[in-house]
Structure formats: structure tokens, C-alpha cells
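My structure is below; once you've seen it, I'll send some questions.
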Amino acid sequence: MPLLLSLTLLPLLLTLATHLSQSFLTPLLSTLAARLQLTHELAGVTLLALGNGAPDLCATIAATRNEKAQMAVGELIGAAAVIWCAVVGCVVHTSPSRPKSNFADGKVKHCRHLYIPSESKQEHSYETPHSHSSHS
């Protein structure tokens, strides 16, 4: 029964979300883009980034208000690590072009190796310090 209810409500909720975004979000975003002299694409990406970062900001504020500074710092560092390692690594891994900077290329390879260990084993051979000793 819950599955049937969910399948019935899903089209209604998607239609409602579409109507609300067309009525309120799109005109506001167009006005902000015009005032700030941004393209519509850049304004949309900026809004997406703000929406994606809002939970991290709320969690950091809540941790700070509860006098848990270590949790706040850990949450911010953890969120940044996920973005750098997972998102940037996946984008670069699936992108047909490669970074032009050696620094960026090194960071991306490092992050990609954290999340794709089988590929890191294929690209590098890891040797222990004892593998170079001679047994004469």
C-alpha cells in the first residue's frame, strides 16, 4: 500500500515543484542575474552551489552554538574533502580533456587514487623498502 501511495503522489509532487520553481525561483534568478550582470547559466550554477552548501553551513552553525568547535571544523574539512576527492575526481576521471597544470594533475590523481584503488595499483608498482635489498 505505501508503494502505491508513493507512486500516486510522486507525479503530483513533481508537478508542484515544477510550478513553484517556474513561478517563484526562475523570475527571481533572472532578476538577480540581470542585476549582477551574470549569464543565466552562471546564476543557476551559483544557486546550485548555495543550495548544496546550505546544509554544511547549518551544521557548522549548530555545532558552534553547542560549543563543539571540533565538530564544526571536522564537518567543514570533511565536506571539502568529499568535494575535492569524490566530485572533482569523478569529473576529471570522466572528462575527455586533462588538466593543464602539474599541481592540479597531481592533486586529482591523488584524490582519484583514494577512491579508485584498483586503478592506482595498475598505474604504479608499490615496493617495500626490503624489496631492494640483495641476498648475497
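Bear in mind that the values in this text are calculations on the coordinates, not laboratory data. Note that this is a predicted model, so its numbers are computed, not measured. Neighbour counts are summed over all protein chains in view; Cβ atoms, including those assigned to glycine, are modelled from backbone coordinates with ideal geometry.
Across the range 90-96, in residue order, what do the Karplus-derived ³J(HN,Hα) couplings come to in whole Hz, using 6.51 cos²θ - 1.76 cosθ + 1.60 with θ = phi - 60° and x for Gly and Pro?
Here the 3J(HN,Hα) series is 5, 5, 5, 5, 8, 6, x Hz.
log₁₀ I(q)/I(0) of the range 2-67 at q = 0.13, 0.18, 0.20, 0.22 Å⁻¹, via Debye over equal Cα point scatterers, no solvent, to two decimals?
Debye curve over Cα of the range 2-67, log10 I(q)/I(0) at q = 0.13, 0.18, 0.20, 0.22 Å⁻¹: -0.62, -0.85, -0.88, -0.91.
Find how much the distance from T94 to H40 grows on full extension, using 0.36 nm per residue of separation minus their present alpha carbon separation; answer in nm with one decimal.
Extending this stretch completely gives an extra 16.9 nm.
May I ask for the net charge around A63, where only other residues with Cβ less than 12 Å from the Cβ of A63 are counted and Lys, Arg are +1 while Asp, Glu are -1?
Spelling it out: positives minus negatives among the neighbours equals -1.
State the extension gain, in nm to one decimal, for the chain segment bounded by V73 and L25, taking 0.36 nm per residue of separation less the distance between their alpha-carbons.
Full extension from V73 to L25 adds 14.1 nm.
Length gain on complete extension for the stretch T18 to L48, per 0.36 nm per residue less the alpha carbon to alpha carbon distance?
Length gained between T18 and L48: 9.2 nm.
Rounded to the nearest 0.05, what FRET efficiency do A86 and N66 give with R0 = 25 Å and r taken as the Cβ-Cβ distance? Could you check?
So the FRET efficiency works out to roughly 0.35.
Rank by packing, highest mean first: peptides 78-88, 44-54, with packing defined as the count of other Cβ atoms within 10 Å averaged across residues.
Values: 78-88: 14.0, 44-54: 11.8.
Ranked by mean Cβ neighbours within 10 Å, highest first: 78-88, 44-54.
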